[in-house]
There are 2 protein chains.
Amino acid sequence: MRLTSIAIALALMLPLPAAAKQATRIGDASLAQAAQLRERALQDDTGWKVVESLTTEVGARLAGSEADARAVEWAKEKFKALGYDKVWTEPVTFPKWERRSESARVLGPHAQALHLTALGGSPGGTVEAQLVRFDSLDALQKATPGSLAGKIAFVDYQMLRARDGSGYGPASAVRSRGPSAAIRAGAIGYLMRSAGTDSHRNPHTGITRYDEGLTPIPSAALSVPDAAQLSRLLALGPVTVRLSLDCGWNGEYTSHNVIGEITGRSKPGEVVVIGGHLDSWDLGTGAIDDGAGIGITMAAGHLIGKLLKRQRPARTIRVIAFANEEQGLYGGKAYAQKYTADLRKHQLGAESDFGAGRVYAFAAKTPDHAKAAVAQIAQALAPLGIEHRVDGEGCGPDLSPFHAIGMACAVLSQDGTDYFDLHHTPDDTLDKIDPQALAQNVAAYTVFAYLAADAEGDFGSAPKVPAAQP
Amino acid sequence: MRLTSIAIALALMLPLPAAAKQATRIGDASLAQAAQLRERALQDDTGWKVVESLTTEVGARLAGSEADARAVEWAKEKFKALGYDKVWTEPVTFPKWERRSESARVLGPHAQALHLTALGGSPGGTVEAQLVRFDSLDALQKATPGSLAGKIAFVDYQMLRARDGSGYGPASAVRSRGPSAAIRAGAIGYLMRSAGTDSHRNPHTGITRYDEGLTPIPSAALSVPDAAQLSRLLALGPVTVRLSLDCGWNGEYTSHNVIGEITGRSKPGEVVVIGGHLDSWDLGTGAIDDGAGIGITMAAGHLIGKLLKRQRPARTIRVIAFANEEQGLYGGKAYAQKYTADLRKHQLGAESDFGAGRVYAFAAKTPDHAKAAVAQIAQALAPLGIEHRVDGEGCGPDLSPFHAIGMACAVLSQDGTDYFDLHHTPDDTLDKIDPQALAQNVAAYTVFAYLAADAEGDFGSAPKVPAAQP
């Protein structure tokens, strides 16, 4: 997941128009049904089985790769097997980036191999040059143009650990903005300490961007121990590194958002949206990013779908497995574009894309008339150890484009203390997920989706004009 | 380090001859000096600096590689810089094994990459075949000859975690004996779950052997998550894997044991031996295996060497940085062969080759006349949180060949709870060492070596005839 995009979406959000609508309420029967669903979900292993199936049978599923197509087929079949009433796909087209091989070595008297991985979007190429180390992105950005001519820039910034993942903003900026800063200073290659909180020899990949008009240079992230090693070597004298990447953009690819619906009892044309993204980076098997989100939300819809017809919520539960989140929210943008006219039919949305840690907080930014209903949902979530926060952390990345134009969204905040130990690394594998924590997530999404879909009244979705980009 | 060799050495050891010698004793002045050294060592960072220097400046140092020669030069210079009185090298010749590249993929509908590493000693080659899974080495050994014709054998045994490393015996047997068992059953390739206790995507390498008369097959260890993944895939149906290894034996190489001495005050011709091994596997930088042992014992000798001449222990402290332990105890065997005639001059030996965890127990198997002195050493170690065990876990690997023919040896048992999370993986890097635990080790070796070298009387070193090999 990409937290920066959330911040951007929130920044773009205009104040909601004042309204004197009737208060949205949730009835007692709905609350009783949600309580039953909550207990059932905690005992259910559907979420786990879905993640196990996706990460085992498909494995890594880089957007545009052969496995991308297999993942789309898998999602269609899984929705059907889980009893969803409608299942369909919607095309999402994007440029395709490929990773073929990558290696690096320190040359000279301290010759040794380095563990690194190309940043998504990096061009291939082999460069051999001295390193120039910077403590921070800011320091690199202040480098005099031309001062890095013929050198490799190395930003050695250590990401900080936090439950809410707040360390990722500054760390991912080193990845997204560092290469362009290096090019401006004349560098021929770019290395960074991975945006990660672990101490394993597994580098963290992730997308980078090169500013318009710049000629991209080979750009890669070192594992945390390798970055520390380079800093120790640099303390002894100049360090020359040979960096060899074989990767790059290669045409376009059309993947698909895969959508499954549990049809609502009385207002089937209105939807509560939950989901996650189907693509993953190629290094791990995409268990926490974002197999977990797929498993959690597919299971939540499934549990609601198993109810008797008369127990179904009024509105439809729409579960979306988004295409290519990792390289630029392509699936989320395509969805927002396609459904702009149907925005008011979107009751509320929430996305699971921050691993498989327990949900510890719930928040929804809504107009005043919906605040009581939000509090009712929060109360139904409380037995799961979830607190109600009036000010949440923002919408999930794939829903952020739709949120930016007016869809109401809720946030179920997960404990991300360990998330960035694994995020975008080979270590993002099934064994890192705690089945009980995953079931707690399923319970939370089931309760949330059911109650939002069965509320009398809305949560404030309404078209708004996005603020002009700065 | 290789614990199997310890077990073998112990099994070969004959009972010590009965003796009615005068009891060995340690004087009060020696004990007071040792207590001072102990406190000084706990405040000293020489051990850390030595490991940092070796792992940073030399990095990985596979026996026979270009870095092997750099490590030998490094060790000579480091001994000198630490004030050792004598520094010299002794040649050690062995066959050279090279790792060039390695990769594997699941083929077919669940296509995905696997993380694995060739076992040391494996030939290169590419094989593409169905897997046949076994729960244990025993199950593979019972396979009917010919039953694995054209298949890849896969032993999916999970090593158990233990403070004393006792899980490594059964797990390393899967590595050392599995390939030959697979060949006997007709297999064309061999895969195993790594002998490790972690859950990271880092496979554990290590030496294997092919029995006489068998044609070696490509043999590799999967990371623990990859082995679990294959087992899940096998539960769904047949699995075909393409395994490509480029590695193998390539001539002979002569490296060196590097030896430094702190000359004794009054019996300089008698020595207490401590040490570790200088080589490492190629995947990590050999911090815990065995940079730590080199750092601990070099620092211990250094601290004793800094004493005033009249405070020096009676005997010489000999610190040995052994060549090529990993591929067959070549350095240890060469030492034992060269010094057979001088065996009685070896007062006592202890080796550090089990990481950088705290020492929790001390033991020495000695004749009765030395038991009181051993207890005195144990008492001097007790303030470090070290208990005296009457029955220890056996000599370190490199000293085991010398121990087998009669040298008395002591064991300072380290906490190895986490050792096999890192052992023989890319993750064996400096950051995994706790500087305070390392200093406790230095203190323990300093006290031990000083007191053993200053004892009045011996610890029972005497030539013995090794038992015939079974």
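How many of the residues in segment B:59-79 are in contact (Cβ under 8 Å) with a residue 24 or more places away in the chain and either part of a loop (DSSP other than H, G, I, E, B) or closer than 27 Å to residue B:304 by Cβ (or both)? Even if it seems obvious, please write down each step before you answer.
Kept after step one, since they are in contact (Cβ under 8 Å) with a residue 24 or more places away in the chain, are these residues of segment B:59-79: B:59-65, B:68-69, B:71-72, B:75-76, B:78-79.
From the residues that got through so far, the ones that are either part of a loop (DSSP other than H, G, I, E, B) or closer than 27 Å to residue B:304 by Cβ (or both) too are B:59-65, B:71-72, B:75-76, B:78-79.
Within segment B:59-79, residues that are in contact (Cβ under 8 Å) with a residue 24 or more places away in the chain and either part of a loop (DSSP other than H, G, I, E, B) or closer than 27 Å to residue B:304 by Cβ (or both) number 13.
Can you list residue pairs whose Cβ atoms sit under 6 Å apart, with the first residue in segment A:453-464 being touching a residue at least 40 places away in the same chain (Cβ under 8 Å) and the second being basic (Lys, Arg)? Count only pairs 6 or more apart in sequence or on different chains.
A:453/A:315; A:456/A:25; A:461/A:344
Among the residues of segment B:385-394, how many are surrounded by fewer than 20 Cβ atoms within 10 Å (Cβ to Cβ) and either at pLDDT 95 or above or hydroxyl-bearing (Ser, Thr, Tyr) (or both)? Walk me through it before giving the result.
Going residue by residue through segment B:385-394, those that are surrounded by fewer than 20 Cβ atoms within 10 Å (Cβ to Cβ) are B:385, B:387-393.
Cutting the leftovers down to either at pLDDT 95 or above or hydroxyl-bearing (Ser, Thr, Tyr) (or both) gives us B:385, B:387-388.
The qualifying residues number 3.
Criterion first (part of a loop (DSSP other than H, G, I, E, B) and away from chain A (no Cβ under 14 Å)) does residue B:261 satisfy it?
Values: part of a loop (DSSP other than H, G, I, E, B): no; away from chain A (no Cβ under 14 Å): yes.
No; evaluated as a whole, the condition is false for this residue.
Among what's in segment B:147-183 and is among the charged types (D, E, K, R) and in contact with a helix residue (DSSP H, G or I) (Cβ under 8 Å, 6 or more places away or on another chain), pick the residue that is nearest to residue B:288 (Cα to Cα). Show your work before the answer.
At the first step, the residues of segment B:147-183 found to be among the charged types (D, E, K, R) are B:151, B:156, B:161, B:163-164, B:175, B:177.
Next, from what is left, pick out any that are in contact with a helix residue (DSSP H, G or I) (Cβ under 8 Å, 6 or more places away or on another chain): B:156, B:161, B:177.
Values: B:156: 26, B:161: 17, B:177: 25 Å.
Selected residue: B:161.
Which one is nearest to the other protein chains (Cβ to nearest Cβ) among residues in segment A:190-227 that are outside any loop (DSSP other than H, G, I, E, B) and touching a Lys or Arg at 6+ places or on another chain (Cβ under 8 Å)? Working first, answer last.
Of the residues in segment A:190-227, the ones outside any loop (DSSP other than H, G, I, E, B) are A:190-193, A:207, A:219-222, A:224-227.
Next, from what is left, pick out any that are touching a Lys or Arg at 6+ places or on another chain (Cβ under 8 Å): A:192, A:207, A:221-222, A:224-227.
Details: A:192: 18, A:207: 20, A:221: 15, A:222: 12, A:224: 8, A:225: 4, A:226: 8, A:227: 10 Å.
Here the residue is A:225.
Over 30 Å from residue A:116 (Cβ atoms) and either more than 14 Å from chain B (Cβ to nearest Cβ) or more than 16 Å from the chain's Cα centre (by Cα) (or both): does that describe residue A:445?
Yes.
Restricting the search to segment A:172-191, which residues are aliphatic (A, V, I, L, M) and either surrounded by fewer than 24 Cβ atoms within 10 Å (Cβ to Cβ) or without any contact (Cβ under 8 Å) to a residue 60 or more places away in the chain (or both)? Can you show your working first?
Taking segment A:172-191 and keeping what is aliphatic (A, V, I, L, M), we get A:173-174, A:181-183, A:185, A:187-188, A:191.
Correct list: A:173, A:174, A:181, A:182, A:183, A:185, A:187, A:188.
Might you check whether a residue that is modelled with pLDDT of 95 or more and within 14 Å of chain A (Cβ to nearest Cβ) occurs anywhere in segment B:406-419?
Looking for residues that are modelled with pLDDT of 95 or more and within 14 Å of chain A (Cβ to nearest Cβ), one finds at least one in segment B:406-419, hence yes.
For segment B:73-81, state whether one or more residues are more than 14 Å from every other protein chain (Cβ to nearest Cβ), open to solvent by 30 Å² or more (accessible area, probe 1.4 Å) and on the phi > 0 side of the Ramachandran plot.
No, the conditions are met nowhere in segment B:73-81.
For residue A:397, are the conditions met, namely being surrounded by 22 or more Cβ atoms within 10 Å (Cβ to Cβ) and either part of a helix (DSSP H, G or I) or more than 14 Å from chain B (Cβ to nearest Cβ) (or both)? Let's see the steps before the verdict.
Working: surrounded by 22 or more Cβ atoms within 10 Å (Cβ to Cβ): yes; either part of a helix (DSSP H, G or I) or more than 14 Å from chain B (Cβ to nearest Cβ) (or both): yes.
Yes: the conditions hold for residue A:397.
So for segment B:231-242 (the condition being within 14 Å of chain A (Cβ to nearest Cβ), surrounded by fewer than 24 Cβ atoms within 10 Å (Cβ to Cβ) and at positive phi), does at least one residue qualify?
Yes: segment B:231-242 contains one or more residues that are within 14 Å of chain A (Cβ to nearest Cβ), surrounded by fewer than 24 Cβ atoms within 10 Å (Cβ to Cβ) and at positive phi.
Does segment A:422-438 include one or more residues that are in contact with a strand residue (DSSP E or B) (Cβ under 6 Å, 6 or more places away or on another chain) and more than 14 Å from every other protein chain (Cβ to nearest Cβ)?
To start, the set of residues in segment A:422-438 that are in contact with a strand residue (DSSP E or B) (Cβ under 6 Å, 6 or more places away or on another chain) comprises none.
Checked against the condition, which is being in contact with a strand residue (DSSP E or B) (Cβ under 6 Å, 6 or more places away or on another chain) and more than 14 Å from every other protein chain (Cβ to nearest Cβ), segment A:422-438 yields no hits at all.
Find the residue count for segment A:323-379, including only residues that are buried (at least 21 other Cβ atoms within 10 Å of the Cβ) and among the aromatic types (Phe, Trp, Tyr).
The total comes to 4.
Looking at (1) within 14 Å of chain B (Cβ to nearest Cβ); (2) more than 20 Å from residue A:303 (Cβ to Cβ); (3) buried (at least 22 other Cβ atoms within 10 Å of the Cβ), find the lone condition where residue A:51 falls short.
For residue A:51, the failing item is (2).
In segment A:99-109, how many residues are open to solvent by 50 Å² or more (accessible area, probe 1.4 Å) and in contact (Cβ under 8 Å) with a residue 12 or more places away in the chain?
Qualifying residue count for the region: 5.
So residue B:60 ticks every box in (1) open to solvent by 10 Å² or more (accessible area, probe 1.4 Å); (2) at the interface with chain A (Cβ under 9 Å from one of its Cβ atoms); (3) farther than 21 Å from residue B:120 by Cα but one. Which box is left unticked?
Every condition holds for residue B:60 apart from (3).
Per-residue answers, yes or no, for (1) closer than 25 Å to residue A:113 by Cα; (2) buried (at least 24 other Cβ atoms within 10 Å of the Cβ); (3) hydrophobic (A, V, I, L, M, F, W, C); (4) in contact (Cβ under 8 Å) with a residue 40 or more places away in the chain:
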site	(1), (2), (3), (4)
B:245	yes, yes, yes, yes
B:268	no, no, no, yes
B:291	yes, yes, no, yes
B:300	no, yes, yes, yes
B:304	no, yes, yes, yes
B:321	yes, yes, yes, yes
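The values are calculated or read from the model by the stated rules, or taken from the named source; none is laboratory data. Please read these numbers as outputs of a predicted model, since none were measured by experiment. Please note: Cβ atoms are built from the backbone with ideal geometry, for glycine as well, and neighbour counts cover all protein chains shown. Surface accessibility is based on the protein's heavy atoms, side chains included, excluding ligands, DNA and RNA. Shrake-Rupley method; radii C 1.70, N 1.55, O 1.52, S 1.80 Å.
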